[in-house]
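Inspection log for the structure reproduced underneath, given as structure tokens.
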Amino acid sequence: MQIEKMQNIQTLEQLEALKKSEVALLILFGGKDCNVCHAVKPKLIKLITDNYPKMKMVYVDCHVVVDVCSQNGVLSLPTLQVFFSGQRFIEEVRTFSLGKVQQEIARPYSMVFENS
């Protein structure tokens with residue numbers, strides 16, 4: 001099975017449009033020089049693909065699109081934000097447990113997608 005990749009975000013407008021249009025959106029803010037970001041990204045992709053297949057995943061490289069990160073209040077890397085229906089439900093910064101992320105997503109995800 002091929003693991004789905006995260007869409008790379010290039011502009012603030014692109015990210016804001018996804019926040020409005022996607023029912024479930026995971027945003028990973030990272031950077032090309034962030035070793036933790038590179039370590040967590042494939043594990044996060046697998047976790048979401050295996051457990052929450054209807055969630056859209058995107059990646060913002062804060063070393064490339066600095067304005068997108070600053071407009072979203074990202075000061076440390078990696079930062080993970082999860083939105084449901086345009087509302088931010090989860091924000092994890094720097095060191096976080098993927099198990100905790102999985103637990104935090106479970107309830108709102110099941111509520112949003114229980115009828116689909």
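The values are calculated or read from the model by the stated rules, or taken from the named source; none is laboratory data. Keep in mind the model is a prediction, meaning the values are calculated, not measured. Positions of Cβ are backbone-derived with ideal geometry, glycine not excepted, and every protein chain shown enters the neighbour counts.
Candidates in region 43-82 are the residues that are out of contact with any strand residue (DSSP E or B) (no Cβ under 7 Å at 6 or more places or on another chain) and among the small types (Gly, Ala, Ser); of these, the one that is farthest from PHE96 (Cα to Cα) is SER70. The set of residues from region 71-88 being outside any loop (DSSP other than H, G, I, E, B), surrounded by 13 or more Cβ atoms within 10 Å (Cβ to Cβ) and not charged (D, E, K, R) comprises THR79, LEU80, GLN81, VAL82, PHE83, PHE84. Could you pull out the residue among LEU47, LEU75 that is more than 19 Å from GLU13 (Cβ to Cβ), modelled with pLDDT of 95 or more and not charged (D, E, K, R)? Exactly one residue qualifies, and that residue is LEU47. For region 89-102, state whether one or more residues are within 21 Å of ALA17 (Cα to Cα), touching a helix residue (DSSP H, G or I) at 6+ places or on another chain (Cβ under 7 Å) and not in a loop (DSSP other than H, G, I, E, B). Yes, because at least one residue in region 89-102 is within 21 Å of ALA17 (Cα to Cα), touching a helix residue (DSSP H, G or I) at 6+ places or on another chain (Cβ under 7 Å) and not in a loop (DSSP other than H, G, I, E, B). For region 89-101: of the residues being charged (D, E, K, R) and without any contact (Cβ under 8 Å) to a residue 40 or more places away in the chain, which is surrounded by the most Cβ atoms within 10 Å (Cβ to Cβ)? Only one residue tops the list, namely GLU92.
For region 62-84, a residue qualifies if it is touching a helix residue (DSSP H, G or I) at 6+ places or on another chain (Cβ under 7 Å) and more than 16 Å from VAL36 (Cβ to Cβ), and the qualifying residues are ASP67, VAL68, GLN71, VAL82, PHE83, PHE84. Considered as a group, the residues in region 10-39 that are without any contact (Cβ under 8 Å) to a residue 12 or more places away in the chain and out of contact with any strand residue (DSSP E or B) (no Cβ under 8 Å at 6 or more places or on another chain) include one that is farthest from VAL82 (Cα to Cα), and that residue is ASN35.
Checking the structure you have, find out if any residue of region 102-114 is modelled with pLDDT of 95 or more, closer than 22 Å to ASN35 by Cβ, surrounded by 13 or more Cβ atoms within 10 Å (Cβ to Cβ) and of a type outside the set (Gly, Ala, Ser). Looking for residues that are modelled with pLDDT of 95 or more, closer than 22 Å to ASN35 by Cβ, surrounded by 13 or more Cβ atoms within 10 Å (Cβ to Cβ) and of a type outside the set (Gly, Ala, Ser), one finds none in region 102-114, hence no.
Look at GLN14 and say whether it is at pLDDT below 95 and either within 22 Å of VAL112 (Cβ to Cβ) or not charged (D, E, K, R) (or both).
no
Within region 23-65, track down each residue that is of a type in the set (A, V, I, L, M) and loosely packed, with under 13 Cβ neighbours inside 10 Å. Once the filter is applied, which keeps residues that are of a type in the set (A, V, I, L, M) and loosely packed, with under 13 Cβ neighbours inside 10 Å, region 23-65 yields only ALA39.
Condition first: part of a strand (DSSP E or B), more than 27 Å from MET111 (Cβ to Cβ) and in contact with a Lys or Arg (Cβ under 9 Å, 6 or more places away or on another chain). Can you find one or more residues in region 33-54 that meet it? Scanning region 33-54 turns up no residue that is part of a strand (DSSP E or B), more than 27 Å from MET111 (Cβ to Cβ) and in contact with a Lys or Arg (Cβ under 9 Å, 6 or more places away or on another chain).
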